[in-house]
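Reading through the structure tokens given below for one structure.
None of the figures in this text is laboratory data; all of them are computed from the coordinates on show. Note that the structure is a prediction, hence the values are computed from the model and not measured. Cβ sites come from the backbone with ideal geometry, for glycine too, and all protein chains shown count toward neighbours.
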């Protein structure tokens, strides 16, 4: 009988279940997958727009989200969208991107700490400004790297989606975290950064400020969370030290993934408090990395149950072993 035993694991925060395959030996050739380049015809718009050097903020679409609700509600709306000013249009959301300096097409871990910190600082400012403006409900920050992950450019950038509603995934996380605090008396992510360093089978990296680990109920192979030790719900309030520490953790994690999986496509996602919610006691900002190493199959589409063909423990073992072997080989070559 072919290996393929599912172990049903429960996320302690959301209560969602994941089917993790635990009896299949890891074969790197099944998952190592280089990120596809985007055919831009030799013209990278993010290199020239907006004009200037350094990290820049580019607006791709104002009034990006038209909230229509159900089909019946949509029928009741006017066929045409009223003409509004750009300032008012942002009340219904926008799509912007924080772009690295012109010509910067290297992956995030390869560009050096200064650019990483500049990108994260711009994201922090965007979250802070959106909260002060108060025109939308949630600002989602993501990086899509590689064609398989939905990237539309080879340029290093972070996308900003200003949403007129709290997305379902975020709402489930908020509710689950609040229930966890009532039940356990502490923030679930504070519990994780305390406990995960004692579980070396899932610990990817840590320092004085940050812990990076594969969550117990990982939804995708080689999923990694980067969580600050200091509790705060809002990334917009992160200190310069927080931003620098997060940048270093991201650099370490993404470099290990690149070495292990041949520079894979991935989605990097910021989880931060919604803009109009008071969740300081129950929420904890953090980043998640989801390598895109496989296609979604029928079981997942039909049930909503994520299937992870690589257990987080096997993924971390592969990450650490391969990174150590590379480090030893480099030390021997330089010696």
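So the values come out like this:
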| quantity | calculated |
| --- | --- |
| The range 41-334: relative contact order in percent, alpha carbon pairs under 8 Å with at least 6 residues between | 19 percent |
| Helix-derived mean residue ellipticity, 222 nm - over the chain, DSSP H n ≥ 4, -39500 (n - 2.57), to 500 | -10500 deg cm²/dmol |
| Computed over the range 98-147, Kirkwood Rh from alpha-carbon pairs, angstrom | 12.4 Å |
| Global geometry of the range 210-264, whether rounded, prolate or oblate, following the gyration tensor of its Cα atoms and the 1.5 cut on a/c | oblate |
| Neighbour-count ranking [beta-carbon atoms within 10 angstrom, fewest first] of 326, 120, 270 | 326, 270, 120 |
| For 290, 284, 271, order by how many other beta-carbon atoms lie within 10 Å, fewest first | 290, 271, 284 |
| Gyration tensor verdict on the range 187-239 (Cα atoms; rounded if a/c is under 1.5, prolate if a/b is larger than b/c, oblate otherwise) | prolate |
| Convex hull of Cα atoms in the chain, direction-averaged projection (nm²) | 20.7 nm² |
| Share of Cα-Cα pairs in the range 150-212 lying beyond 19 Å, as whole percent | 60 percent |
| Residue order, fewest to most beta carbons within 10 Å, for 235, 26 | 26, 235 |
| Ratio of Rg to Rh over the range 83-226 (Cα coordinates, Kirkwood Rh, two decimals) | 1.00 |
| Rough spin-label spacing in nm, given labels placed 7 Å along Cα→Cβ, for residue 34 and residue 182 | 5.2 nm |
| Projected label distance in nm at residue 125 and residue 23, using a 7 Å step from Cα toward the beta-carbon | 5.5 nm |
| Using a Förster distance of 25 Å, the FRET efficiency for residue 240-residue 106 (Cβ separation, nearest 0.05) | 0.55 |
| Calculated FRET efficiency for the pair residue 49/residue 199, C-beta based, R₀ 35 Å, to 0.05 | 0.15 |
| At R0 = 30 Å, FRET efficiency that the Cβ-Cβ distance of residue 61 and residue 295 yields, to 0.05 | 0.60 |
